[in-house]
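Before I ask anything, let me first share the structure, which is written out below as structure tokens.
The values are calculated or read from the model by the stated rules, or taken from the named source; none is laboratory data. Just so it is clear, the structure is predicted and the values come from calculations on it, not from any experiment. Please note: Cβ atoms are built from the backbone with ideal geometry, for glycine as well, and neighbour counts cover all protein chains shown.
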Amino acid sequence: MAARTTGAVSPQLYFDGSESKYGLWEARFLGHLHILKLKDTVLNEPVGEEQAAADRIKNPDCYAELIRLIDDKSLSLIRHDATYDGRKALKMLREHYSGKSKPRIINLYTSLTKLRKADKESTTDYIIRAENLITALRDAGETLSDSLIIAMILGGLPDAYKPLTVHVTQNEDNVTFTDFKRRLCIYKESEKISTAEPTDNVMKMFTKQDRNIQKTYTSSTQSRSGDEDMTCFKCGLKGHRARNCIRKVWCKFCKSNTHQETICKKKDKRDNVRKVTDEHSSDYLFKAAQGETRDSFSGTS
């Protein structure tokens, strides 16, 4: 005999009709039925007469538990076609809220492209919202590349995350979504310590590579204001300082990756020396030619 529950419904077990929350709710609901020893009933058809006899009792119990935990809209979807049939009722809800219909998929894509981080929302909560939409799309059979997901999430971040956006979009490495979440965590920590020295506890959280990324982000944060008119002496572009530059450069003249060839000081010096040398050579030839002309007029042989 299945265990029965009475009393108030836990807020975590209640489904409010929000499509984006359905997957989480179903997981909790199945866990709730597992405790009541009703999970197998709601998921599997009975086999044999003995299971069928037990199913005639347990399946209505599943329905009774289900309708206690859903909103009026969801109840309206099932009450005519799945009365006292918990297995069918759950299937109908799943098809409605997690189905593969074209309007639902378009709605999920629209929500993902319009995703924006709220002012008081934590980075973790923002990522969770994004991942819920991504999971719903993948469950519906849609294929989303990591690059597309990262681009959509970056698009919803405020201007304070601009150094992170620059770093990710101009990095030639193949950044996975997992790597991106880790870097976002690093940047968040860098924002917290941008006005102070990193503590040992914070630094121990990251690898050597992570600390290098963090140093770049922190420097970018500290020097963000007033750099709009600065010219980078590494890449030659405006808007940042050389110490914050993350572009890959190469000087063929110096065989160095510290600056662009177009702004190489050694190259400029060599060109200036060559120019002066050429000018002196031209001047000497001109004077020599003048001397020869005077000698020819004076009859000197």
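Just for helices (runs of 4 or more DSSP H) wholly inside segment 105-199: which have at least 1 residues that are at pLDDT below 85?
The helices (runs of 4 or more DSSP H) meeting that bar are 123-139, 162-169, 177-192.
When you go through (1) in a helix (DSSP H, G or I); (2) out of contact with any helix residue (DSSP H, G or I) (no Cβ under 8 Å at 6 or more places or on another chain) one by one for residue 100, which number turns out not to apply?
Status for residue 100: all satisfied but (1).
Limited to segment 59-79, what total is found for residues that are closer than 18 Å to residue 30 by Cβ and part of a loop (DSSP other than H, G, I, E, B)?
Going through segment 59-79 one residue at a time, the tally reaches 1.
(1) under 31 Å from the mean Cα position of the chain (by Cα); (2) surrounded by fewer than 17 Cβ atoms within 10 Å (Cβ to Cβ); (3) hydroxyl-bearing (Ser, Thr, Tyr): which one isn't true of residue 126, the others all being true?
Of everything listed in (1) under 31 Å from the mean Cα position of the chain (by Cα); (2) surrounded by fewer than 17 Cβ atoms within 10 Å (Cβ to Cβ); (3) hydroxyl-bearing (Ser, Thr, Tyr), residue 126 misses just condition (2).
For the condition assigned by TED's automatic domain parsing to the domain that holds residue 159, surrounded by fewer than 16 Cβ atoms within 10 Å (Cβ to Cβ) and not aliphatic (A, V, I, L, M), what is the one hit in 114, 37?
114
While we're on this one: Go through segment 40-58 and count every residue that is surrounded by 13 or more Cβ atoms within 10 Å (Cβ to Cβ) and in a helix (DSSP H, G or I).
Residues meeting the conditions: 8.
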